[in-house]
Structure formats: C-alpha cells, structure tokens
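In what follows, a single structure is set out as structure tokens and then discussed.
The values are calculated or read from the model by the stated rules, or taken from the named source; none is laboratory data. If you're wondering where the values come from, they're calculated on a predicted model, not measured in any experiment. Note: ideal-geometry Cβ built from the backbone for every residue, glycine included; neighbour counts use all protein chains shown. With ligands, DNA and RNA removed, areas are computed over all heavy atoms of the protein, side chains included. Shrake-Rupley method; radii C 1.70, N 1.55, O 1.52, S 1.80 Å.
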Amino acid sequence: MDRLTLRLSPDLARRFDAAAAGHGGRSRFLRSLMEGVAQAHLPVPENPPTGGKSSKLTLRLSELDVALLETEAASAGLSRTQWSVALIRGRLHNRPQFTRPEALAFIEVQRELRRIGVNVNQIARALNTAVMEGTVLDLETAQLAAFSDEVRAHIAGLHDAFNGNLAYWSAEL
C-alpha cells in the first residue's frame, strides 16, 4: 500500500482531527475522502492543449555521452539541443527532420522539378499544335524522354533522401 505524507498547520490538523473523529479517525476519513474524489467526474478542460506551447526537458548524461552527443550533433551541423529535439520528433512523429542545408537543398530540387515541368509542358504544347517533319518530331520526342528520365532521377533522389533521413533519426538503440 502506498503512503502519503503531508505537512499541515497545527490549526488545520486539529480541525481535521475533530471532523475525522466521527468517521473512524484520520486515516479512514482521509481514505474515504480520497476515494470519493477519485470516483468523481473530473471537469474537462475548456481549452485542451494545442501543442503550441513548448516545455523544457532536462537530461543528465555522463561526460562521455555528452561528448558523443556533441560530436554527432556537430557532424549534422546542429547544436546538441537541436539534434536531440530532431531525434525525439523523428521518433515520435516518424517524419523526416531536416537541417537548414538539407531543407535548402530540397527547395532547390523543387525548383528544378518545376523548371523541368515547365519545359515538358512547352514541348507537349508544341507537339500538339505543330505539324513537324519526321526529324524535328524525333528530336522533340527525344528531348521529352530526356526530361522524363531527369524527373525520374530527381524523384528517386528525393525518395532516397527521405528514407535516409528517416533511417538516421529512427536508428534502434
């Protein structure tokens, strides 16, 4: 059985003893009060937490663990706090956690894919509207195939990058 200990002012202890005397003593009366509270319906908070406010987490690590953490964080270009937060979020949400350079690289890939998409649309429009000779048509078709291969390569690269990022942050301990 668990034990609770608390400090009371002498006046409160005296008044509680007087109230508890008719209910079998301090322990029995306190136990019955606690059971009543534990069975009561607790009010539902009007504004449940939205996750917007952050909380502080403090860790105690050995000097060796801190040194290893600093080395790992530095290799990723992050502070040890940023690295720890990314590790926790990666595990909790199973989503990639990108450093600033990685995020900028993905933005650049998006730009490249947009550029290629514009070129593919221009070629498709030209093929649909123009009557071309066989050699010109073959050249346009070959260019379209090259763009298609380039898009596939970029998509495969993105896929590999996302999987690699998830694997890094979700490594089993």
## Note on the structure
Helix 100-129: inclination vs the chain longest Cα principal axis, degrees, rounded to 10, gives 40 degrees
### Task
Using only the alpha carbons, work out the radius of gyration and Dmax of segment 55-150 in angstrom.
24.0, 74
### Summary
Each label sits 7 Å from Cα toward the beta-carbon; between Ala146 and Thr81 the label points are separated, in nm, by 5.0 nm
#### Entry: Derived scalar couplings ³J(HN,Hα) [segment 3-17; Karplus, 6.51 cos²θ - 1.76 cosθ + 1.60; whole Hz; x for Gly, Pro]
10, 10, 10, 9, 9, 10, 5, x, 5, 5, 4, 5, 5, 5, 4
### Query
Cα convex hull of the chain: mean projected area in nm², to one decimal?
21.1 nm²
### Task
Over the chain, with every protein chain in place, what whole percent of the accessible area is carbon and sulfur at 1.4 Å, could you tell me?
57 percent
### Highest to lowest packing among 53-59, 105-111, scored as the average C-beta count within 10 Å
105-111, 53-59
### Task
For the chain, find the longest principal axis of its Cα atoms and tell me its angle to the long axis of helix 63-75, 0 to 90°, nearest 10.
30 degrees
### Query
At 222 nm, what helix-only mean residue ellipticity would the chain give, in deg cm²/dmol to the nearest 500, using -39500 (n - 2.57) for each DSSP H run of four or more?
-23500 deg cm²/dmol
#### Entry: Point-to-point label distance, Asn121-Ala103, nm (Cα→Cβ direction, 7 Å offset)
2.7 nm
